[in-house]
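The values are calculated or read from the model by the stated rules, or taken from the named source; none is laboratory data. Computed from a predicted structure; not experimentally measured. For neighbour counting, all protein chains shown are included, and Cβ atoms are generated from backbone atoms with ideal geometry for every residue, glycine included. For the accessible areas, the whole protein counts, side chains as well, though only heavy atoms, and no ligand, DNA or RNA atoms are used. Shrake-Rupley method; radii C 1.70, N 1.55, O 1.52, S 1.80 Å.
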Amino acid sequence: MHRFDLLLAGLLFGLGLTVSGMVNPAKVLNFFDVFGHWDPSLALVMAAALLVTAVGYRIAWRRGRPVCAAAFDLPPRRAVDARLVSGAAVFGVGWGLAGFCPGGVLPALASGQSAPWVFFTALVTGMCIARAVDRLRSEDKRHG
Amino acid sequence: MGETSFTPGAALLGGAAIGAAAVLLMFTRGRVLGASGLVAGVLFPATRAEAAWRAVLLLAAVLALPLWTWVSGTAPPIEAPQSPGRLVLGGLLVGLGVSWGGGCPSGHGVCGLARAALRSLVAVAVFLSSAVLTVTVTRHVFGG
């Protein structure tokens, strides 16, 4: 299948984010504005995506192995810890300030506006800072 | 930023497309579809092949917007916050948050919940509450 499946998955992902309004910070922020101009659309986006995925995953897993790989490669199930909770809380503050998330900003990058690029550059910077901090910490542990 | 209207049809259709993308990637490659994981995999690749498949998928997601604009004849609305400071701070926090929280709405909210992962349920509950709190404080307490 070469890379046709990846192109198709990326296009479907991007079209879904575009059509649903996840690319539009105004719509995302109004979803969070429960005590103001509440726009509940994004609840339906998540519900539809979750339903299709939950059913589709089970059908895919029944085959025993993926079409183009030797085995399913799923993230390991780890315990809920302080890192997860604090990370998600910080994520929510950023999402509530800018209205973009890492998925929604992707198609918006091709809109010709500068705002998605400003957000995306800061997003990548944040990910690099987090990685650098983690590396320093693990070195401290080794030496100390 | 102004009001946006409730768009249940587009929300369900877009959400279903996001779900279809996640199912396709599981079916062919055996991988979960998380936007922040894709970006991290390109930024800090384990191998060239690991970066390459993610880059193809990301690029296709970006190109979905011009494709949709061409097919539908209208550009989708994208109304981002005016303040660059808000976009930069939001992007940094989202970048730090996904690194510590291990994922974003597509990874935790769609793929993780579809796998019934407790970590993802906690992450989604925390980042949604945190985003609602952030928008409530910035819009209704400080009136921004």
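When every residue of region A:123-135 is checked against the conditions, none turns out to be open to solvent by 40 Å² or more (accessible area, probe 1.4 Å), more than 7 Å from chain B (Cβ to nearest Cβ) and not in a helix (DSSP H, G or I).
Got at least one residue in region B:70-91 being under 22 Å from A:ALA82 (Cα atoms) and in contact with a Leu (Cβ under 8 Å, 6 or more places away or on another chain)? Yes, region B:70-91 has at least one match. Hey, can you tell me all the residues within region A:69-115 that are in contact (Cβ under 8 Å) with a residue 40 or more places away in the chain and not small (Gly, Ala, Ser)? Those that are in contact (Cβ under 8 Å) with a residue 40 or more places away in the chain and not small (Gly, Ala, Ser): A:TRP95, A:PHE100, A:CYS101, A:VAL105, A:LEU106, A:PRO107. Do we have A:ARG77 as facing another protein chain (nearest Cβ under 7 Å) and modelled with pLDDT under 95 here? Answer is yes for this residue.
Determine whether A:VAL28 is touching a Pro at 6+ places or on another chain (Cβ under 6 Å), of a type outside the set (Gly, Ala, Ser), surrounded by 15 or more Cβ atoms within 10 Å (Cβ to Cβ) and in contact (Cβ under 8 Å) with a residue 40 or more places away in the chain. Spelling it out, it is not the case that A:VAL28 is touching a Pro at 6+ places or on another chain (Cβ under 6 Å), of a type outside the set (Gly, Ala, Ser), surrounded by 15 or more Cβ atoms within 10 Å (Cβ to Cβ) and in contact (Cβ under 8 Å) with a residue 40 or more places away in the chain. For region B:129-144, the candidate set comprises residues that are within 14 Å of A:GLY99 (Cβ to Cβ), open to solvent by 20 Å² or more (accessible area, probe 1.4 Å) and not β-branched (Val, Ile, Thr); within that set, the residue that is nearest to the other protein chains (Cβ to nearest Cβ) is B:ARG139.
With the structure loaded, tell me whether A:SER138 is more than 7 Å from every other protein chain (Cβ to nearest Cβ), of a type in the set (Ser, Thr, Tyr) and open to solvent by 20 Å² or more (accessible area, probe 1.4 Å) or whether it fails that test. Step through it out loud before you land on a result.
On the way: more than 7 Å from every other protein chain (Cβ to nearest Cβ): yes; of a type in the set (Ser, Thr, Tyr): yes; open to solvent by 20 Å² or more (accessible area, probe 1.4 Å): yes.
Answer is yes for this residue.
What do you reckon, is A:ARG65 in a helix (DSSP H, G or I) and surrounded by fewer than 23 Cβ atoms within 10 Å (Cβ to Cβ)?
On the way: in a helix (DSSP H, G or I): no; surrounded by fewer than 23 Cβ atoms within 10 Å (Cβ to Cβ): yes.
Judged against the criteria, A:ARG65 is not a match.
The set of residues from region A:2-33 being at pLDDT below 95 and at the interface with chain B (Cβ under 7 Å from one of its Cβ atoms) comprises just one member, A:ARG3. Among the conditions (1) modelled with pLDDT of 95 or more; (2) crowded, with 17+ Cβ neighbours inside 10 Å, the only one that B:THR4 does not satisfy is (1).
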